[in-house]
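Novice: My structure is below; once you've seen it, I'll send some questions.
We did not get these values from a lab; they are worked out from the coordinates using the rules stated. This structure is a prediction, so every number in the text was calculated from the model and none was measured. Quick reminder, even Gly has a Cβ in these numbers, built from the backbone with ideal geometry, and neighbours come from all protein chains shown.
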């Protein structure tokens, strides 16, 4: 198994370039992050080149966090702002050779939100396709992200079908699926054709994957059996330091 360090959760105390170097030193095969936009692309690119790691994905901005926004792409009336953050993320990803952009839906509901999300994803997929970048969408569980528009794998797959773009894929987070949808392995088997990236953390506390309700020995064995050969994203919260949390990596590899 190969693993990617999600630097939105791991080594959060370090500047992003130093976190990339720490991930390489710890034996990760790739990295991913959330919102790197305040760091010059040249600085991030230099860290990736020096370590030989690839950046798997970055996120679009959340919007006005003080107003409770958690993404923009499914929010009616915010289409111009959604296009702006999509353009920003695609440009940043292109410059650092990131493989994917996670377009965040935001808090919304109803048919108009669905139509808005499909339109914005169609735009995003078109912008990204010219640079061989994948667009990802991620269902988030209602415990952690109440009111988030995209909440189930089935909903995500339906949206992907509606958009019909070859470079639009599902971010399948075993933690979110395990929290609200039950059988992670069955979900992986069923959704595999639509999946562009897989993430994981313990259920229900979002800690390292060496405990909890989901048996990651079995999950990772199934992932391998399904033929998945890309790095899996470690998006968990360490109880103390990241270094102290990494015992799982040797055991589960």
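Novice: Suppose the chain between residue 119 and residue 49 were pulled fully straight at 0.36 nm per residue; how much longer would it get relative to their current alpha carbon spacing?
Specialist: The residue 119-residue 49 span can extend by a further 21.7 nm.
Novice: Related question: Ranked from highest to lowest mean number of other Cβ atoms within 10 Å per residue, what is the order of the peptides 94-104, 207-217? Intermediate results must be reported in sequence, preceding the final value.
Specialist: Working: 94-104: 22.3, 207-217: 17.7.
Ranking, from highest mean packing down: 94-104, 207-217.
Novice: For a paramagnetic label modelled at 7 Å from the Cα of residue 95 toward its Cβ, which residues of segment 40-69 fall within the zone defined by backbone nitrogen distances under 18 Å?
Specialist: Label zone hits: 40-50, 55-62.
Novice: Evaluate the relative contact order of the chain (contact order divided by residue number), counting alpha-carbon pairs under 8 angstrom at least 6 apart; express in whole percent. Don't jump to the answer; show the numbers that get you there.
Specialist: Numbers: 484 pairs, mean separation 46.8, N = 253.
Dividing the mean separation by the residue count of the chain yields 19 percent.
Novice: OK, next. With an 8 Å cut-off on Cα pairs and a minimum separation of 6 or more residues, tell me the relative contact order of segment 44-154 in percent.
Specialist: Value for segment 44-154: 28 percent.
Novice: Can you give the relative contact order of segment 112-153 as a percent, counting alpha carbon pairs under 8 Å and 6+ residues apart?
Specialist: About 28 percent, as a whole number.
Novice: If you restrict to DSSP beta bridges whose two residues both lie in segment 3-252, what percentage is antiparallel, to the nearest 5? Let's see the in-between values first.
Specialist: Details: 2 of 24 bridges.
The antiparallel fraction comes to roughly 10 percent.
Novice: Along Cα→Cβ, 7 Å out, is where each label goes; now give me the distance between the ones at residue 88 and residue 225 in nm to one decimal.
Specialist: 4.4 nm
Novice: Moving on. Given axes a ≥ b ≥ c from the Cα gyration tensor, I'd like to know whether segment 1-41 is rounded (a/c under 1.5), prolate (a/b larger than b/c) or oblate. Don't jump to the answer; show the numbers that get you there.
Specialist: Numbers: a/c = 1.95, a/b = 1.67, b/c = 1.17.
In terms of gyration-tensor shape, prolate.
Novice: Add -39500 (n - 2.57) for each DSSP H run of 4 or more in the chain, then divide by its residues: what number comes out at 222 nm, to the nearest 500 deg cm²/dmol?
Specialist: Using -39500 (n - 2.57) per qualifying helix, the result is -12000 deg cm²/dmol.
Novice: So how do 20-28, 234-242 stack up, highest first, on mean other-Cβ count within 10 Å?
Specialist: 20-28, 234-242
Novice: Now for a different question. Computed over the Cα atoms of the chain, what is the convex hull's projected area averaged over all directions, in nm²?
Specialist: 12.3 nm²
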